[in-house]
1. Among the candidates Pro84, Pro16, single out the residue that is surrounded by fewer than 17 Cβ atoms within 10 Å (Cβ to Cβ) and within 15 Å of Phe225 (Cα to Cα).
2. Based on what the data block shows, is Glu101 touching a residue at least 12 places away in the same chain (Cβ under 8 Å), charged (D, E, K, R), closer than 25 Å to Leu244 by Cβ and out of contact with any Lys or Arg (no Cβ under 9 Å at 6 or more places or on another chain)?
3. Report yes if Leu20 is in a strand (DSSP E or B) and under 24 Å from Gly289 (Cα atoms), otherwise no.
4. Out of Lys240, Lys286, Lys206, which single residue is among the basic types (Lys, Arg), touching a residue at least 12 places away in the same chain (Cβ under 8 Å) and within 30 Å of Ser168 (Cβ to Cβ)?
5. Can Gln252 be described as in contact (Cβ under 8 Å) with a residue 40 or more places away in the chain, in the same structural domain as His127 (by TED's automatic domain parsing), surrounded by fewer than 19 Cβ atoms within 10 Å (Cβ to Cβ) and touching a helix residue (DSSP H, G or I) at 6+ places or on another chain (Cβ under 7 Å)?
6. In the list Arg205, Arg219, which residue meets the criterion of being touching a Leu at 6+ places or on another chain (Cβ under 9 Å), under 30 Å from Ala162 (Cβ atoms) and outside the structural domain of Leu135 (by TED's automatic domain parsing)?
7. Would you check which residues across the range 253-289 are in a helix (DSSP H, G or I) and closer than 17 Å to Leu243 by Cα and list them?
8. Check off (1) surrounded by 17 or more Cβ atoms within 10 Å (Cβ to Cβ); (2) of a type in the set (Gly, Ala, Ser); (3) in contact with a helix residue (DSSP H, G or I) (Cβ under 9 Å, 6 or more places away or on another chain) for Gly42 and give me the number that stays unchecked.
Amino acid sequence: MSTTVQQPVTHVCRVPGGTLYINEFGNAHGPLLLVLGGISGGREVWRSDGQGWWQELFSAVDVSHYGILAVDYAGGTGESSVQPPPSSISAQAQLIAQALEQLGLTHLHGVIGGSYGGLVALELAQHPSLTIERLVIIGAAHRPPAQAVMLRHFQRQLVQLADAAGCSERGLQLARALAMLSYRSSAAMDHYFTDPQQAVEYIERKGAALVQGDALRARQLFELFGPALDTYRLEPALIKQPLLLIGFTSDQLVPPELLHEFASLLPQCHGLHCVDSSYGHDGFIKSVGTYGQPLRLFLSHEVRGG
């Protein structure tokens, strides 16, 4: 690894209602990229020991060339603490923009956003205090499809019914298990678990792990982040930056037909890549190799905004 790579430095930024935690790493003198993940993603997207939760992304994004910023969302599972937590994606973006202003990091070479982070990126692109040269949006679109809204509705219903029955933690576990099931494709589950019972046990473990970490924060993923996703709407014409759009053929939460609709409405869509991945929506984390080349080229080439 190049000696120009700095190990993660954590910035603790005061924002209205609390603090936002941001990690900065990579090339301290390189072009800045902000990397934003899904609702349960945090600031440890990359670690020098190889254990970052989006570690594979950096097979395409060279940390010896770029300076990288990553954030713990307000109301999320990381250390950021804001009261009350933001109830909308635009409010989440506003807090991140304020933190970046505080750090003097308002000129970004680009923002890479996956899933929920893709929507936050779209909101940041409209923020008057930030200059963002380009956007990479992965597994996210200008509106939610009915399938995703229905799935998140039943997750919240599980939480509410379990609360009424006096078994709140079990409700959170089951809601997370249902969410995990919606992130993966049927083909992936069949491929990795030849015994279906093993698949059940895996999904149960994932649900339990989230709740054991912090039950209150886990609850906020369903009660705050879910409704924010369900009510999100964007007029694509507002996005003036060059934008690379990436999706997955097996994604049931943000299906290819929705991405084609989004791409057709964007003023500056510099490509839509719907790639094959057995992982479904989780392809943005698990299948970087399928979209790494167009991502790398888009980041490195000169692009002109509208």
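1. Pro84
2. no
3. Against the criterion (in a strand (DSSP E or B) and under 24 Å from Gly289 (Cα atoms)), Leu20 does not qualify.
4. Answer to the selection: Lys206.
5. yes
6. Working: Arg205 fails: touching a Leu at 6+ places or on another chain (Cβ under 9 Å).
It is Arg219.
7. Pro256, Leu258, Leu259, His260, Glu261, Phe262, Ala263, Ser264, Leu265, Phe284
8. Only one criterion is unmet by Gly42, namely (3).
The values are calculated or read from the model by the stated rules, or taken from the named source; none is laboratory data. Keep in mind that this is a model prediction, so the values were computed, not measured. Every residue, glycine among them, receives a Cβ derived from its backbone with ideal geometry; neighbour counts consider all protein chains shown.
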